[in-house]
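The values are calculated or read from the model by the stated rules, or taken from the named source; none is laboratory data. Given the structure is predicted, the values throughout are model-derived calculations rather than measurements. FYI the Cβ positions are ideal-geometry reconstructions off the backbone, even for glycines, and counts take in every protein chain you see.
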Amino acid sequence: MATSRNDFHNKFNNGDIPSHFDFVEIFDNFVHRDDDKADLQMVETGTDNQHYITPALLKAAFQNAGIIAGNCYVPYKEFQDNFSGSSIQLESSPIADSAKVYKNGQLLKEIDDYNLNYDSGVLTFTDPIISRNIEINYWSKNSDTDSEESGSNPILGSLSIPYKENFDEDTFTNDKITLKEIPVKDSIRIYKNGQLLREGQGKDYAVDYNNGIITFSTVISNRNIEVDYWYKSTVTLSDLELNTKYVDLATAQTIGGNKTFTETVEGKSFVKTGGTANQFLMADGSVSTSPGSDYDAGHFISTLSSGGYQKFSNGLILQWAYLINNTNTYTFPLTWPNKALSVTLSTVRTSSGSRGANHVANITNTNYYAVIDGTYGYMFAIGY
């Protein structure tokens, strides 16, 4: 490989947030434009998997960078106008080394000019401040995981990308700037000839975060303007994988392939196939349209004057018979594969009388001897 790699090991040790140009530099040094024939378009489309550092792999890394780092933190911006005092309590606890403090637009040095407790968020100045405008920019852990509005902080699963726009003093004369991207709330930093401007009504500029429009308090001309900000990419984890790799617990999905569950599966109702209410999934994976069971039924449910049986998937068998030959030896409707566990008899009666004496004896897998108190009776048996 002809292209040399720069040493990025110590590049961001001071807590600096990578800029747009940092990403370009990283790209230039880790993708061989000549040897691998890679370019930004290939990375954008995710094509070409044949080279040493593949654009497809680089695209996957960029798309998931927000999940790894970018979405964990959000930018904050706090102002103290005409401030006098020795300390300021920040709204959130900042990430270590992420804070930048400005006094009347001048960047202060940590340790020399102030100390910051990153756990409590208390900023203490080395010398008392008297009647100065203070601005504190920092990053903190992201707790906003629900909002989808354009002006909200980035949400989990989105990729936040740094961006920089420059406007030359020879060509820029205006009191408005429309940014190329919609910025993440509080992520904008604007410099006029290197001097940081203040954001807010009645200050140097105001931002419409819904439309990406910056409005200055006065028309600016003959000045170099730099606008640094972050914007939320349309690439999300949901777009990339949720509909094809993960089960969504809130919305309908079509799941293909055979699934094996190691634990008991429970539901509020029967499992149905195809969304049809009269189809039931049986224990062996087959589908039934019967409200009971399809396991080898040998009877017609409304004909009580005939014998029959019902076999169940666990091996249990129910049998019944209409006895018409008084006391006699009868044959079970189905030969028991193993044995009968219980056989009971009842007598058919149309009027009151004695309770009758009904007995059963000589039970085998095929026959039984029934003693019934009358000409007609019923047999019911349980076995397997």
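Worth a mention:
- L345 vs. criteria among the hydrophobic types (A, V, I, L, M, F, W, C) and at pLDDT below 80: no
- Residue tally, condition in contact with an Asp or Glu (Cβ under 8 Å, 6 or more places away or on another chain) and part of a loop (DSSP other than H, G, I, E, B), over region 76-96: 3
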